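The values are calculated or read from the model by the stated rules, or taken from the named source; none is laboratory data. Small disclaimer: the values here were computed from a predicted structure and weren't measured. Every residue, glycine as well, gets a Cβ built from its backbone with ideal geometry; the counts of neighbours run over all protein chains shown.
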Amino acid sequence: MAARNASVQRDTRETQIRVSLNLDGSGEGRFATGIPFLDHMLDQVARHGLIDLDIEARGDREIDDHHTVEDIGITLGQAFDKAVGDKKGIVRYGHSYVPLDEALSRVVVDLSGRPGLEYFVEFPRARIGEFDVDLFREFFQGFVNHAKVTLHIDNLRGRNAHHIVETVFKAFGRALRMACTHDPRLGDVTPSTKGTL
């Protein structure tokens, strides 16, 4: 099986982002985004997705975190799309339910080649520390648009904002891990009746 890794550098007048990933890793993560809470969430994706993930980001955070968070999602999506390759022999679909104390979230992904985000997460407060919770949607929208996946994110219950988002990111990592898994019964068949994704 060919190595499924990729590195992408994205530079704009607002941000400079570098993402390297290995889909067949061991969950090692290194993060330097300047946004500690986002680093904590990205680490959940790496560890629970068994994806080796290295992300560095600089952005116009003197304005706010919006451009940096969105562009990390975009660049991660580009790297994921590059690493997953032609998708032959993969499961294609992935899902995960993850609890954390009172919180429970479900994430379902289809490596369909068609970008689509259904995001149903309500937070009991607008910020977690200094982090604006509205930016989580922007992160996932950026990822979906450039990874070219269909992604459904549902928080089913929860009262604690930190618990809610942590269940989302853990479930996201585990759903990606399932979808990217090779099924030996498929050989090098593309998992679609159309023959392509």
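Test residue 128 against the stated conditions and say whether it is within 16 Å of residue 41 (Cα to Cα) and over 13 Å from the mean Cα position of the chain (by Cα).
Values: within 16 Å of residue 41 (Cα to Cα): yes; over 13 Å from the mean Cα position of the chain (by Cα): yes.
Answer is yes for this residue.
Do we find that residue 83 is under 17 Å from residue 178 (Cβ atoms) and under 15 Å from the mean Cα position of the chain (by Cα) in this structure?
Spelling it out, residue 83 is indeed under 17 Å from residue 178 (Cβ atoms) and under 15 Å from the mean Cα position of the chain (by Cα).
Please verify whether region 167-189 includes one or more residues that are closer than 27 Å to residue 34 by Cβ, of a type outside the set (S, T, N, Q) and either in contact with a Cys (Cβ under 6 Å, 6 or more places away or on another chain) or without any contact (Cβ under 8 Å) to a residue 60 or more places away in the chain (or both).
no
Check region 102-111 and report whether any residue there is surrounded by 20 or more Cβ atoms within 10 Å (Cβ to Cβ), closer than 22 Å to residue 129 by Cβ and within 15 Å of the chain's Cα centre (by Cα).
Yes: region 102-111 contains one or more residues that are surrounded by 20 or more Cβ atoms within 10 Å (Cβ to Cβ), closer than 22 Å to residue 129 by Cβ and within 15 Å of the chain's Cα centre (by Cα).
Among (1) closer than 17 Å to residue 51 by Cα; (2) at pLDDT below 95; (3) not aliphatic (A, V, I, L, M), there is one condition residue 183 misses while meeting the rest; what is its number?
(1)
Only one of 159, 125, 137 is surrounded by fewer than 21 Cβ atoms within 10 Å (Cβ to Cβ), more than 19 Å from residue 106 (Cα to Cα) and at pLDDT 95 or above. Can you tell me which? Reasoning before the result, please.
Values: 159 fails: more than 19 Å from residue 106 (Cα to Cα); 137 fails: more than 19 Å from residue 106 (Cα to Cα).
It is 125.
Could you check region 153-188 and list, in sequence order, the residues that are aliphatic (A, V, I, L, M), closer than 23 Å to residue 5 by Cβ and either within 16 Å of the chain's Cα centre (by Cα) or not in a helix (DSSP H, G or I) (or both)? If you could, list the steps in order and put the result at the bottom.
Filtering region 153-188 down to residues aliphatic (A, V, I, L, M) leaves 153, 156, 161, 164-165, 168, 171, 175-176, 178-179, 186.
If we keep only those that are closer than 23 Å to residue 5 by Cβ too, we end up with 175-176, 178-179, 186.
Residues satisfying the conditions are 175, 176, 178, 179.
Please go through region 82-98 and give me each residue that is surrounded by 21 or more Cβ atoms within 10 Å (Cβ to Cβ) and part of a strand (DSSP E or B), ordered by number.
Across region 82-98, the qualifying residues are 90, 94, 96, 98.
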